[in-house]
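Data block below; observations after.
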Amino acid sequence: AAIENDILLKGAPPFDLKTTKCALELANSNKGALSTEQEHECSDLIGTRKAGTSSIDTGEKKEVVELEVGGATVGQESHGTNDPGKVAAATETPTAADLELIAQAENCIQEERLLEGARALRKVRDQSLLQEQNRHALTKAEHIEAAVVDLTSSPNEGWTKQGESHGNYDTVIYYKVDKDTRLTARIETPIEASLLIPLLSVFNESELYQSCLPRFPNLGISSSTKLCQRGRGNQIIAVNSYMPWPLADREAIIEATAVDDIDTNNHIVIKMETRYTGEEDGLIPPPKDKVVRIDFDGGILFRKCSDDHPAFAKSKHPDHDGPLILVCLTMFVDAHIKYIPQSLLNFMTRTVIGRMWSGLLAVAVDIREGKRPQHGKAIATKKELYEWIKQRVGIMIDGMDETTDASKISAMGRLLTTEAPLTDQHGQIILGSSV
């Protein structure tokens with residue numbers, strides 16, 4: 001019924017290779033079982049490819065297919081046979097398997113599992129079947145995979161330790177400056193599981209950056225605007241900052257892509273990349289007068305924290321209930337300044353970046369305790385999104401707890417019950433704690 005409805009009754013030329021083959025197979029396997037009207041429909045469909053050979057576009061590659069009504073032969077240069085049974089086995093199986101992989105990949109990408117989708121696309125034997133959006137997904141996946149390698153590499157490889165702090169949270173900061181005076185900072189902080197969803201909401205609610213990032217004299221965020229939102233975890237934002245005299249104000253256009261790689265590697269990664277004027281079909285505007293557009297690249301990785309992480313060496317919180325999540329963040333900034341004095345470099349890495357990160361963690365704590373009404377309202381408005389995040393994070397935490405058994409509270413239970421549920425300033429629950 002599905003084939004008759006979708007292929008015979010709705011079919012209209014031009015037909016792609018898959019549709020034509022399906023109709024041909026139906027005509028041969030069910031000959032005599034079809035009604036007169038259906039036979040005519042099928043004959044008309046195949047007849048569009050009857051006269052000699054036809055080129056059927058399947059992406060970048062064109063396959064030559066010979067079709068005959070009645071005899072129903074299909075010939076391809078690579079198979080060298082006109083026997084219908086052999087040809088069907090030779091042509092249908094690889095193509096069907098590839099199409100299934102592509103469909104699986106597209107489903108993963110829609111579910112914010114881009115890396116899993118890329119793994120499926122790389123298994124496609126006939127890469128000519130990939131469409132432009134598939135190739136774009138592969139390119140983006142390569143950037144994210146490179147970021148994961150960087151985020152999981154040892155900080156001893158090319159990084160300078162700027163310092164560490166041991167207040168409410170244990171944090172270690174590293175940095176490096178390349179020959180063109182471009183600064184890259186790296187921050188590592190273990191957090192308790194109950195802080196993960198509030199912290200993810202801090203990053204996700206980009207339009208509230210101005211209200212939660214710390215400011216300094218003549219240096220800070222002046223505005224943050226969301227230019228585009230795609231799916232659950234992909235957005236493009238414009239962040240403007242004011243600078244001390246005589247420097248001009250700066251602006252960064254950043255595409256942030258959140259990827260759920262929990263099923264394979266049990267981590268979540270956010271990749272941030274600069275977008276340039278005219279990209280995204282003209283969505284990215286040119287910079288305003290007297291504003292310098294800067295380059296920004298970064299990544300954030302959430303994964304299980306090892307017991308021997310360097311941040312614990314001088315920790316004031318040696319005992320922890322349940323698994324800890326390591327948040328590792330890297331930020332590359334090219335502010336287009338010809339020379340960075342060492343004093344400014346120290347100020348940026350030790351003071352600005354350190355206080356900015358501490359401020360974001362403090363905001364996440366406030367969200368968890370219901371002290372941030374703007375974020376509480378945003379979470380309540382996007383309840384479906386944050387319930388999905390809660391479910392996926394719960395699976396991630398369960399994967400970290402290797403000792404869980406039926407007699408113990410699951411890691412997901414600890415995540416959602418160790419602390420109070422997310423509430424607003426009036427104490428109303430906006431994201432419940434029950435599983």
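The values are calculated or read from the model by the stated rules, or taken from the named source; none is laboratory data. Since the structure is predicted, the reported quantities are computational estimates derived from the model, not experimental observations. So basically every Cβ, Gly included, is an ideal-geometry build from the backbone, and we count neighbours across all protein chains shown. Remember, those area values only see protein heavy atoms, side chains included, never the ligands or the DNA or RNA. Shrake-Rupley method; radii C 1.70, N 1.55, O 1.52, S 1.80 Å.
Quick check: anything in region 156-170 within 19 Å of residue 295 (Cα to Cα) and of a type in the set (A, V, I, L, M, F, W, C)? No; the residues of region 156-170 include none that is within 19 Å of residue 295 (Cα to Cα) and of a type in the set (A, V, I, L, M, F, W, C). Would region 273-288 turn up any residue that is surrounded by fewer than 19 Cβ atoms within 10 Å (Cβ to Cβ), more than 29 Å from residue 141 (Cα to Cα) and of a type in the set (Gly, Ala, Ser)? The answer is no; no qualifying residue exists.
Scanning region 105-153 for residues that are over 11 Å from the mean Cα position of the chain (by Cα), open to solvent by 10 Å² or more (accessible area, probe 1.4 Å) and of a type in the set (S, T, N, Q) returns 107, 127, 128, 131, 133, 139, 152, 153. Filtering region 294-323 down to residues that are at pLDDT below 90 and in a strand (DSSP E or B), which residue is nearest to the chain's Cα centre (by Cα)? Once the filter is applied, the top-ranked residue is 296.
For every residue, the table says whether it meets (1) touching a helix residue (DSSP H, G or I) at 6+ places or on another chain (Cβ under 9 Å); (2) closer than 27 Å to residue 153 by Cβ.
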position	(1), (2)
225	yes, no
232	yes, no
236	yes, no
282	no, no
293	no, no
303	yes, yes
309	no, yes
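In region 154-208, the qualifying residues are those that are part of a loop (DSSP other than H, G, I, E, B) and open to solvent by less than 30 Å² (accessible area, probe 1.4 Å), and the one that is farthest from residue 368 (Cα to Cα) is 159.
Exactly one residue among 201, 241 is at negative phi, polar (S, T, N, Q), modelled with pLDDT of 80 or more and touching a Phe, Trp or Tyr at 6+ places or on another chain (Cβ under 9 Å), and that residue is 201.
Apart from one condition, residue 405 fits all of (1) within 26 Å of the chain's Cα centre (by Cα); (2) open to solvent by 50 Å² or more (accessible area, probe 1.4 Å); (3) among the acidic types (Asp, Glu); (4) at pLDDT below 90; the exception is (1). The number of residues in region 281-309 that are β-branched (Val, Ile, Thr) and under 16 Å from residue 331 (Cα atoms) comes to 2.
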